Amino acid sequence: GQLKTLLPKVPDDAIVTITLSPDLQNMASEKLNAVLDEKGSTLKARNGAIMIIDKSGRIRAMVGGRDYQTSKFNRAVQAMRQPGSAFKAFVYAAAMEAGLTPGTVRVDEKTWITKDWAPRNYTGRYYGPVMLQDAFAHSLNVIAAKLTQEVGQNKVISTAHKLGLGTDLLSVPSIALGSDETPLLDLTRAYGAFALKGKRLDPYIIEKVEDSRGEIHYQRKPYPPASVLTERTAE
């Protein structure tokens, strides 16, 4: 599928160089299986996925499940899952873009975001006035929900899309807590913008396509990535 999007005609004797690291791929697969063996039954998880992308966008490891022979479904790119608190990074990015700072203080208290939803923290407690850097570090649900209303649900969603989430996201208050679904590839890609100081990460897996005579039909060319966040926000 990837080849057909890159080349109008794929040579019959195509030799494709890809970005995956065999060592990292094997390690990732072994780790996934070890975690599932140890914690799968407790977490009621029968499968999982791992995606590793370096800062140049090269996909270094992609594990789509426990065993490809028993399930061809690639959970790293095909499975739609709720990111949950991992989505809060986009809430805080939108807040920083709106001019708030890590030292900005907001109050963690019981708050009715809608007439029938007052989010609770994982600990079941509220912590009063907190700086945003601490609210983020401790993943406080109330602050994330309040910030989403403060900067606007659509702004949070557009920030997530700008960084690389390609799926439609419902503009609802619970989006603050990662209630909508996205594939792991998109979520990993979006986090790349923080590592790249605000530049968008563009993942790829095909480096080069040549034929048996050594003629190159496609080669990935480096290009300047788009800026999707200010460097201040990313930091």
Compute the helix-to-body angle for 153-163: its Cα long axis versus the longest principal axis of the chain, expressed 0 to 90° and rounded to tens. 30
Give me the tail of P(r) for the range 28-149 as a percent: Cα-Cα pairs with distance above 23 Å. 50
Defining a contact as two alpha carbons under 8 Å apart and six or more residues distant in sequence, what relative contact order in percent does the range 1-125 show? 15
Could you order the peptides 35-45, 178-188, 192-202 from most to least packed, using the average number of other C-beta atoms within 10 Å per residue? 178-188, 192-202, 35-45
Measure off 7 Å from each Cα along the Cα-to-Cβ vector at Asp202 and Thr167, then give the distance between these two points in nanometres to one decimal. 2.4
Label 7 Å along Cα→Cβ of Leu7; the range 203-222 residues with amide nitrogen under 19 Å? 204-222
If each of Asp67 and Arg81 carries a label point 7 Å out from its Cα toward its Cβ, how far apart are those two points in nm? 2.0
Could you work out how far helix 88-97 tilts from the main Cα principal axis of the chain, as a 0 to 90 degree angle to the nearest 10? 70
Simple label model, 7 Å out from Cα along Cβ direction - Thr230 to Asp116, nm: 4.0
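Of all accessible surface on the chain at a 1.4 Å probe, what whole percent is carbon and sulfur?
Values: 7120 of 13410 Å².
Carbon with sulfur: 53 percent of the solvent-accessible area.
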Between the range 50-129 and the range 156-222, the alpha-carbon center distance in angstrom: 15
The helix 141-151 Cα axis meets the longest alpha-carbon principal axis of the chain at an angle in degrees, between 0 and 90 and rounded to 10, of 90
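Show that you can apply the helix-only estimate: for the chain, add -39,500 (n - 2.57) for every DSSP H stretch of four or more residues, divide by all residues, and state [θ] at 222 nm to the nearest 500. Could the numbers behind the result be given before it?
Numbers: 8 runs with 81 residues, N = 235.
For the chain, the value works out to -10000 deg cm²/dmol.
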Which one of Tyr92, Val105, Asn47 has its Cα pushed farthest toward the positive end of the charge dipole of the chain, where Lys and Arg give +1 and Asp and Glu give -1 at the Cβ? Val105
Accessible area per residue of the range 103-228 at 1.4 Å probe, in Å²? 53
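The values are calculated or read from the model by the stated rules, or taken from the named source; none is laboratory data. All figures in this text were calculated on a predicted structure; none of them were measured in a lab. Ideal geometry is used to build each Cβ from the backbone, glycine not excepted, and the neighbour counts take in all protein chains shown. Quick note on the areas: whole protein, heavy atoms, side chains included, nothing else; ligands and nucleic acids left out. Shrake-Rupley method; radii C 1.70, N 1.55, O 1.52, S 1.80 Å.
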